[in-house]
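First the structure, in the form of structure tokens, and then the observations on it.
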Amino acid sequence: MITSKTSFLALIGNPVSHSLSPIMQNAAIKYLGLDLIYIAIPCKNEDLEIVVDSLKKMNCKGLNITIPFKQRVFHCCNEISPVAKKVKAINTLKLKDNKDWIGTNTDIDGFIYPLKNLNLMKKSSIVLGSGGAARSVIQGLINLKLSKITIISRNKNSLNALITNFENDIKIEGLLNTDIKIDSLIQETDLIVNTTPVGMNKTINDDDLPFGQSFWDTINSNTIVYDLIYSPSPTPFLKFCDKKGCMTIDGIQMLIAQGAKSLSFWTNGLEIPFEVMNDAIKKYL
Ligand code: NAP
């Protein structure tokens with residue numbers, strides 16, 4: 001029950017109305033019997049600083065940060081975890097001593113969650129896209145000790161920025177999607193991760209694959225294919241790869257695992273009921 005003592009957690013982004021975080025977080029909060037609620041707060045671009053600063057003074061215990069604020073929120077924090085500094089993105093804030101925000105990033109743990117029982121050590125991988133989520137994915141692949149990462153993107157600038165960020169940590173190369181080496185790389189790779197939004201919320205056009213269907217002519221059935229998109233499930237890309245015999249993973253487990261990690265951070269290490277969050281979310285997908 002919400003009382004005058006209930007404190008709150010919130011998601012800040014623009015837009016936030018599509019987010020499943022309130023559903024899964026409130027299901028876990030209820031299960032754990034915590035005196036908390038989780039709400040989504042839409043925030044205009046020009047209001048980020050004033051909103052995040054004001055929430056410190058309002059019994060708000062923690063925040064999730066989503067598009068487009070994961071970088072901009074850095075200067076609202078007094079302390080930033082090494083992992084958030086490394087990937088240059090913050091998705092979780094926690095109030096320290098009732099006055100200062102500490103920023104961290106739980107997307108990396110979220111990404112790793114469905115991969116942690118597959119032995120990917122020394123395997124090769126391809127990451128599609130070079131935006132914000134690709135940073136957490138690359139750090140996750142480094143943590144899992146893969147041998148090599150190839151990023152394929154249409155955007156030369158963000159591709160180069162990613163290489164600069166991670167080139168000291170792993171063997172990594174960036175290719176534009178027109179590069180002729182790509183066919184043989186796709187044939188040989190162990191893991192492909194899609195971080196582009198291609199296929200998101202599409203139910204009609206099953207041909208909507210990253211970089212087009214013919215791009216995937218050489219994919220083979222031993223490759224694991226992971227699409228960060230969780231709606232629709234499966235995406236057209238995962239449907240296509242499933243037909244080719246590949247093991248496929250969608251973005252739902254990542255979504256839940258990053259949220260569970262944030263809730264654990266806010267509650268000083270409580271064990272979070274993953275299945276409760278999963279059941280809650282499945283009703284809304
Ligand atoms: P982002 O920062 O906008 O990056 C998207 C990347 O995809 C950019 O490199 C972009 O290239 C590229 N791209 C966009 N449209 C493309 C197209 N038609 N063909 C080829 N490349 C294209 O977005 P993000 O934050 O990384 O998120 C990416 C996706 O991951 C979204 O669908 C998001 O929902 C999903 N995601 C899921 C989770 C989860 O928990 N499951 C977590 C984070 C993100 P340009 O720079 O040239 O536009």
### Message
So, residue 228, is that one free of Cβ contacts under 8 Å to residues at least 60 places away in the same chain and near the ligand (Cβ under 10 Å from one of its atoms) or not?
### Response
no
### Query
Quick one: in segment 188-197, which of the residues that are among the β-branched types (Val, Ile, Thr) and in a strand (DSSP E or B) is nearest to the chain's Cα centre (by Cα)?
193
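Listed here are the residues, each with its yes/no results for (1) out of contact with any Pro (no Cβ under 7 Å at 6 or more places or on another chain); (2) at pLDDT 95 or above; (3) small (Gly, Ala, Ser).
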| position | (1), (2), (3) |
| --- | --- |
| 28 | no, yes, yes |
| 33 | yes, yes, yes |
| 40 | no, yes, yes |
| 46 | yes, yes, no |
| 51 | yes, yes, no |
| 55 | yes, yes, no |
| 74 | yes, yes, no |
### Message
Among the numbered criteria (1) of a type outside the set (A, V, I, L, M, F, W, C); (2) part of a helix (DSSP H, G or I); (3) near the ligand (Cβ under 10 Å from one of its atoms), which one does residue 262 miss?
### Response
(3)
### Query
Just one of the numbered conditions (1) surrounded by 19 or more Cβ atoms within 10 Å (Cβ to Cβ); (2) away from the ligand (no atom under 13 Å from the Cβ) is not true of residue 194; which one?
(2)
### Query
Can you spot a residue in segment 247-264 that is surrounded by fewer than 14 Cβ atoms within 10 Å (Cβ to Cβ), in contact (Cβ under 8 Å) with a residue 12 or more places away in the chain and either closer than 16 Å to residue 115 by Cβ or of a type in the set (D, E, K, R) (or both)?
no
### Task
Assess whether residue 62 counts as being in contact with a Lys or Arg (Cβ under 6 Å, 6 or more places away or on another chain), touching a residue at least 40 places away in the same chain (Cβ under 8 Å), under 22 Å from residue 264 (Cβ atoms) and outside the structural domain of residue 131 (by TED's automatic domain parsing).
yes
### Query
Any idea which of (1) in a loop (DSSP other than H, G, I, E, B); (2) surrounded by 14 or more Cβ atoms within 10 Å (Cβ to Cβ) is the one residue 201 doesn't satisfy?
(2)
### Task
Answer with yes or no whether residue 269 is touching a Ser or Thr at 6+ places or on another chain (Cβ under 7 Å), more than 13 Å from the ligand (Cβ to nearest atom) and assigned to a loop (DSSP other than H, G, I, E, B).
no
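Yes/no matrix, rows are residues, columns are (1) under 20 Å from the mean Cα position of the chain (by Cα); (2) polar (S, T, N, Q):
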site: 123; (1), (2): no, no
site: 129; (1), (2): yes, no
site: 139; (1), (2): yes, yes
site: 158; (1), (2): yes, yes
site: 161; (1), (2): yes, no
site: 164; (1), (2): no, yes
site: 171; (1), (2): no, no
site: 178; (1), (2): no, yes
site: 186; (1), (2): no, no
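The values are calculated or read from the model by the stated rules, or taken from the named source; none is laboratory data. Remember, predicted model here, so these are calculated numbers, not experimental data. Counting neighbours? That spans all protein chains shown, and the Cβs are built from the backbone with ideal geometry, glycine included.
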